[in-house]
Amino acid sequence: MSAAPPGVASAAVRRVIIARAIRGFADGFVSVLLALYLTNLGFSPVQVGAIVTGTLLGSAALTLAFGMTAHRIELRTLLIAATVVMVGTGLGFAGFTTFWPLLVVAVVGTLNPSAGDVSVFLPTEQAFVAGHVPPTRRVHVFSVYNLAAILAAALGALASGLPNLVARHTDLDLLTAQRLSFLGYALAGIALFMVYRGLRPDHDAFPHVSRDAEHRVLHSSRRIVLELSALFSLDAAGGGFAVTSILVLWLHLHFDLSAGTTAAVFFAAGLLGAVSQLLAPHLARRIGLIRTMAYTHLPACAFLAAAAFAPTSGIAIALLLARAFLSQMDVPARQSFVMAVVPAEERAAAASVTNVPRSLAAAATPLLAGVLLTHSTFGWPLLIAGVMKMTYDVLLLVLYRNVPETVGARRPARA
């Protein structure tokens, strides 16, 4: 694959990073607002969990569709189409207040309840970035890419308290202020449209193939991609028990935490996650991608499980913040590892196939978390999430610690 001219590549990657930041702010805002808004509408924890599950299912389907067609359709076209869906999602949540219409919008829309990397935009963006930077710089660039999202998501989480201020200082009631806030999500979609519209067609990052060649998608890397997908699914299924919306619901039910305090907590969590992104490239250079993923993720998951037993809100918040400081270091390492072990023409499909099972696995568990919180305010979802995610870390380390972090790598027969 021929590289794009350095100036063009830098400008294009910067544009994608800017778009990631805009989406991060929007996702951070709605991930905290969503559970509080749905609760104020009178929805039960089970209904809240169902809508969160619907958002994840919809993201999974869209991510798969985008990733598997990214080698045949221009990046610009795919991303502009996604922004149109995003605008419709914001308008739908601002316009409907009953359960079934909101569930439909959640399934077909782009809403992200985790403020994380469950997104229809990711497969094409990840493949694009990998195609524009050398392998030795990928962890660094992915960390910047993720850092922009985390900082923006932290600001979005903090801004989620604005509807309370609006309701306090205007004639609007809180529910109306929260409902109108989803128009901001639609405006973010319009801003993304303008950013992506400025991208040039890029045949180097997304090589077009003939109709006969389409059958070779994931041909050479199928085994390792499917294996990683299975492991990532275990991690995501655990993470679905502790997406931001569920954590917000648990803090509200168990400790009666106010909306303002909750917004501040997840703002701080976002800042700590940003710091962890900065540390990831340095760790990866010293100990490798897989060890960076496992050695930082294990203690983060232990903190999450321990938070379930916290006797006070202060201790629970401290444990969740400690988890936030460590939990994001594995993200750029994971993205770089997937991009490194597959050929360039298979990167978009690999990003899709490794992200979609994560979305599907994560989609099932928020509903279960809602059921658990209906019967008890104890942090069962946090405990289950911690145990499942620690199991993933151990398996990842055992199976892949000796895999070369280069294109075409295969799991050793001994493992």
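Rule-based calculations on the coordinates, nothing more; no lab input. Predicted model only: the values in this text are computed from it and were never measured. Positions of Cβ are backbone-derived with ideal geometry, glycine not excepted, and every protein chain shown enters the neighbour counts.
Neighbours of Ala306 by Cβ distance under 14 Å: Lys/Arg scored +1, Asp/Glu scored -1, total +2. Note on segment 3-143: dipole from Cβ charges, positive end direction compared against Trp100, Ala60, Ser143; the farthest Cα belongs to Ser143.
Rounded to the nearest 0.05, what FRET efficiency is calculated for Ser220 and Leu279 with R0 set to 45 Å and r the Cβ-Cβ distance? Taking R0 as 45 Å, the efficiency between Ser220 and Leu279 is 0.85.
Counting every other Cβ atom within 10 Å of each residue's Cβ, His169, His140, His132 order from fewest to most as His169, His140, His132. Entry note, the chain: the mean residue ellipticity at 222 nm calculated from DSSP H runs of n ≥ 4, each adding -39500 (n - 2.57), is -25500 deg cm²/dmol after division by the residues and rounding to the nearest 500. Of the residues Thr391, Thr124, Thr262, the one that moves most in a GNM of the chain with alpha-carbon contacts below 10 Å is Thr391. Computed from these coordinates, which is Cα extents along the principal axes in Å: [x] 58, 45, 33; [y] 63, 45, 43; [z] 60, 54, 40? Given [x] 58, 45, 33; [y] 63, 45, 43; [z] 60, 54, 40, the calculated one carries the label [x]. Neighbours of Asn40, meaning other residues whose beta-carbon lies under 11 angstrom from its beta-carbon, give a summed charge of 0 when Lys and Arg score +1 and Asp and Glu score -1. Ranking of Ile18, Ile51, Ile287 by neighbouring Cβ atoms within 10 Å, starting from the fewest: Ile287, Ile18, Ile51. Working note: Karplus 6.51/-1.76/1.60 with θ = phi - 60° gives segment 398-404 the couplings 5, 7, 10, 5, 10, 6, x Hz, where Gly and Pro are set to x. Placing unit charges on the Cβ atoms only, positive for Lys and Arg and negative for Asp and Glu, gives the chain a dipole magnitude near 940 debye about its Cα centre.
Panel order for Val32, Val398, by other beta carbons found within 10 Å of each beta carbon, from fewest to most: Val398, Val32. In this simple spin-label model, placing a label point 7 Å from the Cα along the Cα-to-Cβ direction at both Arg286 and Ser376 gives a separation of 4.0 nm.
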